[in-house]
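Every number here is computed from the coordinates shown, using simple stated rules; none is lab data. Computed from a prediction, not measured in an experiment: that's the story for all the values here. Positions of Cβ are backbone-derived with ideal geometry, glycine not excepted, and every protein chain shown enters the neighbour counts.
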Amino acid sequence: MKKAPFFCILMILLTFSFVRGQEAKTSTINPEDPAFREKFSHLNFDGKFYLLAVKDAVNNYYMADFTQLPQKFERVYFILLVNKSDKIVSIDSDLSQDRVWFMVNNKYSDKEAGVRFDQLRDQTLKASATMTEEEKASWMLKNDKFN
């Protein structure tokens, strides 16, 4: 009979511990924090579109060089392709930045992630090159949720 309250207390403590641990883990990767962004401002992409910046036990965190996607159309198009992707997750909401953050589960190698980043960039640039300014404007009216 006395085991039930002990079990309940133990479960509450374990749950609190887990939630607290998750908060600590997710708070370390925070592209919304200017101080966090500043820590990585010195990293050089060496001409690549993506850069592996941080790893943890579960995920790899990449920055993408959005100077290679100078138009807002291209940035929004790329993010929407990422949202459909099976490997890359967008964790950054500020598309005006030149370095935008993404997360990739570490079950995917750096090479696999890089191939996917490059494919999505190439698809974006192809769409941008083949659409007229009027088509881009119309597309943006329907798809831009990043104001």
Expected unfolding gain across Thr28-Lys72 under the 0.36 nm per residue rule, minus the alpha-carbon gap, is 13.0 nm
Pull out the extension gain between Ser85 and Lys48, defined as 0.36 nm times the separation in residues minus the alpha carbon to alpha carbon distance; nm, one decimal.
-> 11.3 nm
Hey, what's the Cα Rg ratio for the stretch 32-143 versus the globular rule of thumb, 2.2 N^0.38 Å?
-> 1.07
Assuming R0 = 41 Å, what is the FRET efficiency of Glu38 and Thr130, from their Cβ-Cβ distance, to the nearest 0.05?
-> 0.65
Candidate cut points under trypsin sites (Lys or Arg not before Pro) in the stretch 62-113, DSSP loop plus at most 11 other Cβ atoms within 10 Å of their own Cβ, are Lys107
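Starting with the highest mean, order 30-39, 112-121, 54-63 by the number of other Cβ atoms within 10 Å, averaged over the residues of each peptide.
Result, highest mean Cβ count within 10 Å first: 112-121, 54-63, 30-39.
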For the stretch 129-137, Karplus-derived ³J(HN,Hα) couplings (6.51, -1.76, 1.60; θ = phi - 60°; whole Hz; x for glycine and proline) come out as 6, 9, 9, 6, 4, 5, 5, 5, 4
Derived scalar couplings ³J(HN,Hα) [the stretch 45-52; Karplus, 6.51 cos²θ - 1.76 cosθ + 1.60; whole Hz; x for Gly, Pro] | 7, 6, x, 6, 7, 10, 8, 6
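Of the cross-linked pairs Lys55/Lys142; Lys87/Lys126; Lys87/Lys145, which ones have a Cα-Cα span greater than 30 Å in the structure shown?
Lys55/Lys142
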Using θ = phi - 60° and the Karplus curve 6.51 cos²θ - 1.76 cosθ + 1.60, what whole-Hz ³J(HN,Hα) does each residue of the stretch 56-62 get, with Gly and Pro shown as x?
-> 9, 5, 10, 10, 10, 10, 10
